[in-house]
Amino acid sequence: MQTLPQADIDLSQGIVFQDQPSLTWIADPVTHRLRGRGDNYDAVRQAVEIIVNVERFRWQIYTPNFGIELDGLLGKDSGYAASELQRRLTDAFVPDDRLLGISDFSYTVEDGVMAASVTVNTVFGPVQTIVGVKLR
């Protein structure tokens, strides 16, 4: 009587990993309706926008490694908040292997709100995004 599962799989030739397509529904930000399906650049651009607009650990529909932590920056000095925001943006994009990192980080502070502009480098090309953070 066998207690361990048996298989006829030959692993001596190695394993080939294949990336899955990034096909997803694309939401129109103006009409708030789905406008069809998108792949590659459209899908990754939408993923970046969702990541920077979802507070990590707040919504149960998302896994704990999805989104960005912005709540802890309220009341902090703008210099500290800028450096911490840059680090948190980098951390937010790590789980998605289509996102390679960030560059061209710059920020302005006006009336207690920090607006950070950043370029997200992806496997399909750069995506520009802006993140707003209330500091007071």
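Descriptive notes on the structure:
- Packing rank of 22-35, 89-102, where each peptide gets the mean count of other beta carbons within 10 Å, highest leading: 89-102, 22-35
- Using the alpha carbons alone, the radius of gyration of segment 24-134 stands to its Kirkwood radius in an Rg to Rh ratio of 0.97.
- Over segment 24-134, relative contact order from alpha-carbon pairs under 8 Å, at least 6 apart, %: 20
- By the helix-only formula, in which each DSSP H run with n ≥ 4 contributes -39500 (n - 2.57) and the sum is divided by residues, the chain has a 222 nm mean residue ellipticity of -7000 deg cm²/dmol.
- In degrees, nearest ten, helix 78-93 long axis to first principal axis of the chain (Cα): 20
- Placing a pseudo-label 7 Å from each Cα along the Cα-to-Cβ vector at L100 and I9 gives an inter-label distance of 3.1 nm.
- Among 103-115, 8-20, the order from most to least packed when residues are scored by Cβ within 10 Å on average: 103-115, 8-20
- Crossing angle, helix 41-53 versus the chain [Cα axis fit, 0-90 degrees, rounded to tens]: 60
FYI, it's all coordinate maths here, none of it is from the lab. Predicted, not measured: the structure shown is a model, and the values here were computed from it. Ideal geometry is used to build each Cβ from the backbone, glycine not excepted, and the neighbour counts take in all protein chains shown.
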